[in-house]
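Quick note: the coordinates plus some simple rules give every number you see, no bench work behind them. All of these numbers come straight from a predicted model, not from anything done at the bench. Please note: Cβ atoms are built from the backbone with ideal geometry, for glycine as well, and neighbour counts cover all protein chains shown.
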């Protein structure tokens with residue numbers, strides 16, 4: 001497990017047991033564009049079954065989060081990345097993504113993600129614009145959301 005001190009009372013932690021599921025669900029369901037309406041049960045399962053999660057904490061308060069799924073060998077998918085609005089612009093999003101993709105067990109894998117925003121952040125980590133190979137099947141219903 002990883003626990004990284006970022007200074008000023010902030011830290012990154014990949015312990016699933018520490019994730020404040022209610023806060024992560026609240027943010028993703030109420031404030032994100034990609035998980036609006038996601039049920040708590042679905043969110044709890046996504047965290048529980050994630051290959052890895054990384055939380056951003058100010059003391060014990062959850063102020064950011066991301067999760068990954070992976071086949072463990074060739075690819076990983078980055079999902080549900082957020083930092084609360086009041087903490088943005090301080091490099092926490094970059095630290096969160098770096099911890100997940102560069103410092104974790106899937107660093108050598110191909111990483112995928114979907115986003116309609118934050119392209120400059122992800123470009124810092126080698127993500128490029130979607131190309132001619134990318135195909136996506138939209139989700140069938142809200143309850144099967146995989147983020």
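A few remarks follow.
- Between residue 44 and residue 134, the simple label model (points 7 Å from Cα in the Cβ direction) yields a spacing of 3.4 nm.
- Bridge orientation summary for the chain: considering DSSP beta bridges with both residues in this region, about 90 percent are antiparallel.
- Of all the options 32, 117, 128, the one that moves most in a Gaussian network model of the chain with Cα springs shorter than 10 angstrom is 117.
- Förster radius 22 Å - calculated FRET efficiency between residue 29 and residue 85 (Cβ-Cβ, nearest 0.05): 0.90
- Distance distribution note for the chain: the fraction of Cα pairs above 27 angstrom is 17%.
- Net lengthening on full extension, residue 94/residue 74 (0.36 nm per residue, minus Cα-Cα): 4.9 nm
- The range 3-130, relative contact order [Cα under 8 Å, separation at least 6], %: 19
- Summary of the geometry: the range 102-117 and the range 3-58, compared by the centres of their Cα atoms, lie 17 Å apart.
- Per-q log10 I(q)/I(0), the range 52-97, q = 0.14, 0.30, 0.31 Å⁻¹ (Debye; single scatterer per alpha-carbon; no solvent): -0.36, -1.09, -1.13
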